[in-house]
Amino acid sequence: MKIDSHQHFWEFDPVRDAWITDDMGVIRKDFVPEDLKPILEKNGIDGCVAVQADQSEKETEFLLSLADKNPFIKGVVGWVDLKSDNLNERLSHYKQRSTFKGIRHILQAESNGFMLDPGFIEGVSALHKHDLSYDILTTEEQLSEVSELIKLLPEIRLVIDHISKPDIKNQSFDHWAHCMKEISAHSHVYVKLSGMATEADWKTWTVDDLKPYVDFCLEHFGSQRLMFGSDWPVCLVAASYDRIYQSLLECINELSADEQNLIMGGTASNFYHLT
């Protein structure tokens, strides 16, 4: 089963979605399942994982309702307040929905120290008994903190979104690589090969800009811990869905068929327990 492990839906709201700046005008509009389904079919992709883009349970309900109506949405990574006193109640509530697979909090927007706060750690730890995963959204500048975070969460399935956003445009590599190599030693941590084109030069990037990062992830995490994600529709600021998809295929075309199948769907299916 081919799976896009990371994409978003939204009904555009200029206040809530203020992170979509004027230079991202191409995505300042609604994106719904009817827009994505023909793109997935064109590329032979069987399903996707819809990931939260807003810090609210309203967002979680929105994504779950879309999954109820669209079988190609195989999983939802939602949001709940991980520091809430009634966290276990909220997780139990959502766990009744078969497509509810994990949680994400937008850590890249938080100040230093947030992810190591005992209350936050306790909240993420609570995911274990509900068999839920956690998506780590950070920038490369936060990777030292991420390295400490994962040591405190040995029982949780963790995945780093967008390879933790190295500054590909300016060929930033060494700090990112040092931290990611250290993180790779922890077998419960996975990585999404997603969001790379948007960290490169939107107008001039090529596959050659991405390949060193993909190769490094392959060397240290292996195909069994890597998964393709389009980051659609955010990716549209830098490229079409088709180009994002084909670029990753080009980066991994020397791998065996089994390894490619893991990256293009098998790993995501295993990680998120998709059916």
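See the values below:
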read-out: Options Ala50, Ala109: the member that is small (Gly, Ala, Ser), out of contact with any strand residue (DSSP E or B) (no Cβ under 7 Å at 6 or more places or on another chain) and within 21 Å of Lys192 (Cβ to Cβ); value: Ala109
read-out: Criterion (basic (Lys, Arg), in contact with a strand residue (DSSP E or B) (Cβ under 9 Å, 6 or more places away or on another chain) and farther than 26 Å from Met264 by Cα) met by exactly one of Arg97, Arg16, Arg28; value: Arg16
read-out: Contacts under 8 angstrom Cβ, first residue in segment 208-235 being touching a residue at least 60 places away in the same chain (Cβ under 8 Å) and on the phi > 0 side of the Ramachandran plot, partner among the polar types (S, T, N, Q) and outside any loop (DSSP other than H, G, I, E, B), 6 or more apart; value: Asp231/Gln7; Asp231/Thr198
read-out: Residues of segment 244-260 that turn out to be free of Cβ contacts under 8 Å to residues at least 24 places away in the same chain and either within 16 Å of Lys211 (Cβ to Cβ) or of a type in the set (S, T, N, Q) (or both), as a count; value: 5
read-out: Residues being out of contact with any Gly (no Cβ under 9 Å at 6 or more places or on another chain) and part of a helix (DSSP H, G or I) - total across segment 113-151; value: 25
read-out: Scope segment 174-192; condition touching a strand residue (DSSP E or B) at 6+ places or on another chain (Cβ under 9 Å) and either under 23 Å from Asp4 (Cα atoms) or in a strand (DSSP E or B) (or both); matching residues; value: Met180, Ser184, His188, Val189, Tyr190, Val191, Lys192
read-out: Given (1) assigned to a loop (DSSP other than H, G, I, E, B); (2) in contact (Cβ under 8 Å) with a residue 40 or more places away in the chain; (3) under 21 Å from Ile106 (Cα atoms), number of the condition Met24 does not satisfy; value: (1)
read-out: Output for segment 96-109, where each listed residue is surrounded by fewer than 16 Cβ atoms within 10 Å (Cβ to Cβ) and of a type outside the set (Ser, Thr, Tyr); value: Gln96, Gln108, Ala109
read-out: Pairs with Cβ under 7 Å, 6+ apart, first in segment 169-183 and in contact (Cβ under 8 Å) with a residue 24 or more places away in the chain, second in a helix (DSSP H, G or I) and among the charged types (D, E, K, R); value: Lys169/Glu199; Ser172/Glu140; His175/Glu140; Trp176/Glu140
read-out: Single condition Lys42 does not satisfy, out of (1) more than 20 Å from the chain's Cα centre (by Cα); (2) of a type outside the set (Gly, Ala, Ser); (3) over 24 Å from Met264 (Cβ atoms); (4) modelled with pLDDT of 95 or more; value: (3)
read-out: Residue tally, condition surrounded by 15 or more Cβ atoms within 10 Å (Cβ to Cβ) and under 14 Å from Asn70 (Cβ atoms), over segment 9-36; value: 4
read-out: Only one of Asp81, Asp85, Asp68 that is outside any loop (DSSP other than H, G, I, E, B) and surrounded by fewer than 18 Cβ atoms within 10 Å (Cβ to Cβ); value: Asp68
read-out: Those residues of segment 132-148 which are closer than 17 Å to Val189 by Cβ and more than 17 Å from the chain's Cα centre (by Cα), in sequence order; value: Ser144, Glu145, Ser147, Glu148
read-out: Segment 108-120 residues that are touching a residue at least 12 places away in the same chain (Cβ under 8 Å), paired with ones that are among the basic types (Lys, Arg) and loosely packed, with under 13 Cβ neighbours inside 10 Å (beta carbon under 6 Å, 6 or more apart); value: none
read-out: Residue within segment 3-16 that is among the hydroxyl-bearing types (Ser, Thr, Tyr), closer than 29 Å to Leu116 by Cα and touching a residue at least 40 places away in the same chain (Cβ under 8 Å) present; value: yes
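Yes/no matrix, rows are residues, columns are (1) buried (at least 21 other Cβ atoms within 10 Å of the Cβ); (2) not in a loop (DSSP other than H, G, I, E, B):
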| site | (1), (2) |
| --- | --- |
| Leu153 | no, no |
| Val159 | yes, yes |
| His162 | yes, yes |
| Ser172 | no, no |
| Gly195 | yes, no |
| Trp205 | no, no |
| Leu210 | yes, yes |
| Tyr213 | yes, yes |
| Met227 | yes, yes |
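The values are calculated or read from the model by the stated rules, or taken from the named source; none is laboratory data. Note that this is a predicted model, so its numbers are computed, not measured. FYI the Cβ positions are ideal-geometry reconstructions off the backbone, even for glycines, and counts take in every protein chain you see.
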